[in-house]
Amino acid sequence: MVRLAASLLLLAASLAHAQTAEKPNLSQRIGDLLGRPAAQRTHWGVCVVDLDTGETLYQHGEDRLFVPASNVKLFSTAMALRRLGRDYAFTTSVVGEGSISESGQLDGDLRLIGGGDTNLSSRELPYRKSEDFAQDRLGPLRQLAQAVKNAGIESVAGNVVGDDSRYVWQPYPRGWSYADTLQGYGSPTSALVFNDNLISLRVTPGAVGGPARVAVVPTLPYYSLSNRTLTASGRTVARSLQVRRGEAPGQVVLAGQIPSRSGGRIFELAADDPALYAAVALKQALVDLGVEVQGRAVAHHLLPDRLASLRSGPGASASKREKTLAELTSHPLSELIRVVNKDSENLHAEMLLREVALHESGIATQEAAIQSLRRFLAEAGLRTNEFVLRDGSGLSRHDLLSPRGTVRLLEHMWRSEDRDAYLHSLPVAGLDGTLDWRFGRTPARGRIRAKTGSMSHVLALSGYVSSHGGRTLAFAIFANNFGIAQSSTRYLVDAIAAELIYPDPLSSGAGPGGTN
């Protein structure tokens, strides 16, 4: 609490100082912040450019490479916009394989074919201030199931197949931690994703001495849960709650203790096979409508070892389509990337990267995706020594970016015809997304649109500033390997960003050449 209070005082003092009539220039103000004892045990990289004049207003460690965390999403969403277009949409379909009898029985499999839709979920769009889901998480699959029933299907003799062969089955990019892959933020990549591939465990205290109560949302037979918890009296416990993979296939273990006075905890888990999870959900939606399914829920993947090349396609023949029974079309890409950037959705970013690869190289592999990203960044003006990227989300510890290279990308998108869609996808300081709780009571509120980034010993903030003088700046701030509390480093990052609201006066004769 002492460190947090000190950090808050630091940010408040910096903002108050920035508003004084007589103040040092921008370089000195940022330099003073980076010279404070709290900043000395951190590797810093900062680059600030005036988008109207092209002038570099501040730079420190701007050419060094830093682990960027979710700032990588700036790159993957930019490429998706420029390559696919803001109106691009995805289609999920259900196909009947086999004939349909007069009694309404499909004598083959029912195939749910993933089209890369990142929001095959009950998320309410267009995007609002926060992430909102309808209470019934099976909503979109109930729509598909109803369309199947409306097509005259009363029973399915075969299986419900979740088909994600649009993308090659390479679930995890290089550099991801194994510990992340059970967590909701570490979901495997697939062309067929339902409910963000999330399974929520809502844990509340039970009777003292007994196990905790656990509610699974949505209620689907996917993981087998082993509840090894204990409800303890009082407010503290000796062993906190933890979730891990179990000893048996498909098993998840919830263990530890929960205080009897606890308000509860929520664990967000990722299904290890998104296509199978979607098939389980569709089968349940069919059964709820009275459609008999005699077979099982299964998954169909396109495996990389069946391909001649992982860099060019075509990678797979089209799935057999005897009869399309139902289809759902996504919102346009301009709306989908708002979810990616504002809520920092790792899975969505990886899916967009694969979709671009499919369109450019004819195959949706990790290799082709990174190849596409490198081409795009070269076109955006980045130099090869300014980035090392292995995924589209920033979860890979192999990712590296320089502040200068990040600002080059921001400049490129500012001058593109997709400027507005890109800007509107970014969190707004003090108002929404991952910045909704930052800068809220400062002059920076509403004036910064930026992507956050956070991992162990990593913080990043990059985007655009609308200054009090009517100028627009692009900036990148990276902090790596800090030896102090993350909250203290975050307030230093925010203090630097807040100083950008008051850039130095324009030199004589210079004037803004752009618009806000």
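The values are calculated or read from the model by the stated rules, or taken from the named source; none is laboratory data. None of these values were measured; they are calculated from a predicted model. Using ideal geometry, Cβ is built from the backbone for each residue, glycine included, and neighbour counts are taken over all protein chains shown. Heavy atoms of the whole protein, side chains included, go into the accessibility calculation; ligands, DNA and RNA do not. Shrake-Rupley method; radii C 1.70, N 1.55, O 1.52, S 1.80 Å.
Packing, as the average of other Cβ atoms within 10 Å across residues, places the peptides 245-254, 337-346 in the order 337-346, 245-254, highest first. For the pair S416 and H359 in one chain, pulling the backbone fully straight at 0.36 nm per residue adds 18.5 nm over the alpha carbon distance. When you filter the chymotrypsin sites (Phe, Trp or Tyr not before Pro) in the range 412-459 for DSSP loop state and at most 14 other Cβ atoms inside 10 Å of their Cβ, you are left with W437.
Each of Q242 and H424 was given a label point 7 Å from its Cα along the Cα-to-Cβ line. The distance between the two points is 4.6 nm.
Between P505, S262, L125, whose Cα lies farthest towards the positive end of the dipole of the chain when Lys and Arg beta carbons carry +1 and Asp and Glu beta carbons carry -1, centred on the Cα centre? Most positive-ward Cα: S262. Enclosing the Cα atoms of the chain in their convex hull gives a volume equal to 154 cubic angstrom per residue. Since only I370, P443, L353 are under comparison, the one whose Cα sits farthest along the positive direction of the charge dipole of the range 339-471, derived from C-beta charges on Lys, Arg, Asp and Glu, is P443. For the chain, the residue among A232, L106, A285 whose Cα projects farthest onto the positive side of the dipole built from Cβ charges is A232.
In loop segments of the range 431-469 as defined by DSSP, the trypsin sites (Lys or Arg not before Pro) with at most 10 further C-beta atoms inside 10 Å of their C-beta are R441.
Does the range 160-311 come out rounded, prolate or oblate by the C-alpha gyration tensor, with a ≥ b ≥ c the root eigenvalues, rounded set by a/c under 1.5 and, if not, prolate when a/b is larger than b/c and oblate if not?
It is oblate, given that a/c is not under 1.5 and a/b is not larger than b/c.
What does the charge add up to near H301, with Lys and Arg as +1, Asp and Glu as -1, over the other residues with Cβ less than 12 Å from its Cβ? Net of charged neighbours comes to -2.
Work out the FRET efficiency for S224 and Q294 from their Cβ-Cβ distance, taking R0 = 25 Å, and round it to the nearest 0.05.
About 0.65, to the nearest 0.05.
With the Cα gyration tensor of the range 312-396 giving a ≥ b ≥ c as the square roots of its eigenvalues, does the rule (a/c under 1.5 for rounded; else a/b larger than b/c for prolate; else oblate) give rounded, prolate or oblate? Oblate shape, in that a/c is at least 1.5 and b/c is the bigger or equal ratio. Computed about the Cα centre, the dipole magnitude for the chain is approximately 1520 debye when only Lys and Arg (+1) and Asp and Glu (-1) carry charge, each at its Cβ. Counting only protein heavy atoms and a 1.4 Å probe, the chain has 41 square angstrom of accessible area per residue.
Working note: 222 nm ellipticity from helices only, DSSP H runs with n ≥ 4, each -39,500 (n - 2.57), summed and divided by the residues of the chain, gives -8500 deg cm²/dmol to the nearest 500. Rolling a 1.4 Å probe over the protein heavy atoms of the chain, with every protein chain left in place, gives an accessible area that is 48 percent carbon and sulfur. Modelled label positions at K23 and S101, each set 7 Å beyond Cα in the direction of Cβ, lie 7.8 nm from each other. May I ask which of K283/K323; K73/K129; K23/K129 have a Cα-Cα span longer than 24 Å here? Violating the 24 Å limit, Cα to Cα: K23/K129. In units of the compact-protein estimate 2.2 N^0.38 Å, the range 317-462 shows a Cα radius of gyration of 1.18. Loop-located trypsin sites (Lys or Arg not before Pro) across the range 25-122 with a Cβ neighbour count of 12 or fewer within 10 Å are R41, with loop assigned by DSSP.
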